[in-house]
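Coordinate-derived values only; no laboratory data. Every value quoted in this text rests on a predicted model; they were computed, and no experiment measured them. With ideal geometry, Cβ positions are generated from the backbone for all residues, glycine too; neighbour counts draw on all protein chains shown.
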Amino acid sequence: MATTRHLFSTPFVADTLQSEPGMRMLRNAIEEERARDAAGIDISNIGGWHSNTQMLDWGGEAARALAHKAMTMADEQTIDNRSPEFSRFTWHPEMWANVSGKGAANQYHFHPGSFWSAVAYIDDGYDGDPDPGLGGELQLQDPRMPMIRMGAPDLRLKQPDGQPMHSEVSLRPKTGMIVMFPSWLQHAVRPFKGEGTRISIAINLVAVLKRPN
C-alpha cells in the first residue's frame, strides 16, 4: 500500500502578548510618533500610516521588550546546523508601526535580507465585532505560487485530512496576537472595512554572527 509523507512545510508561529501595560506603552509611543511625523512612509501599505523603521529608537522600553519577545520566538524555532547546542547567530531587529483605518490594506510582499518576520497586533480595530465582512485579514500565499496553478488550474494537492490544499491562507488578527513566519513567505493584508483603527507592529529579524568573546 502506498504511503504519503508531506515534506517541506512552512512554519507559522502564533503567540499572545501578556503585558497590557506594555501594549498601552506601545500604543502611546506610536501615537506620539504619528503626531510628530504624520506623513510617514509608503512601502507595501495602501493607505493608512506606516512609520519609519526606527521604532527601536523611538518606541522606548516596550518596543525593546517586544523585539526581545520576537527574538526569543525565533530562537525557539531555529537551529544552527553547525553548532546545535550554542548557536553562533543572534538577531538584529528592525521594527516599524502601521496604523490602518477604513479602506487601508497591504499589497503582497516579502522581506529580503531578513530571516524571520513578525507582526504584533496592538489593536485589531474590530471593536469586538465578529463580522467577517470587516476584512483586514492577514493573507499568506503558498510559496510555490503561481507554479502549482500553471499546468492544471483546477487541480489541488490533497492535504493529510483529505481536503484540497489552498494556495492562500487567511488569518483574522486579534488584539494581543503576535505571529512569526519566514521572511520569504509572501503576505498581504486585505482591505480593512471596520470603523475602528488597526494598530500593528512589524519586526524583521536579520541573522548576524555573534561577536567572539
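Tabulated data for the structure shown
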| item | result |
| --- | --- |
| Rounded to the nearest 20 debye, dipole of the range 1-56 from Cβ charges on Lys, Arg, Asp, Glu | 220 |
| Within the range 113-142: backbone nitrogen closer than 18 Å to the Q77 label point (7 Å, Cα to C-beta) | 113-122, 138-142 |
| For the chain: relative contact order, % (alpha-carbon pairs under 8 angstrom, 6 or more apart) | 33 |
| Added length on full extension, which subtracts the Cα-Cα distance from 0.36 nm per residue, D57 to V169 | 37.0 nm |
| Straight-distance crosslink candidates among aspartates and glutamates, where the alpha carbon sits under 16 Å from K102 and sequence neighbours closer than 8 are dropped | D123, D124, D127, D129, D131, E137, E195 |
| FRET efficiency estimate (nearest 0.05) - Cβ-Cβ, R88 to A2, R0 41 angstrom | 0.50 |
| Likely footprinting exposure, F192, F89, F181, fewest C-beta neighbours within 10 Å first | F89, F181, F192 |
| Over the range 100-213: Kirkwood hydrodynamic radius from C-alpha pairwise inverse distances, Å | 16.0 |
| Ratio Rg/Rh [Cα only; Rh per Kirkwood] for the chain | 1.00 |
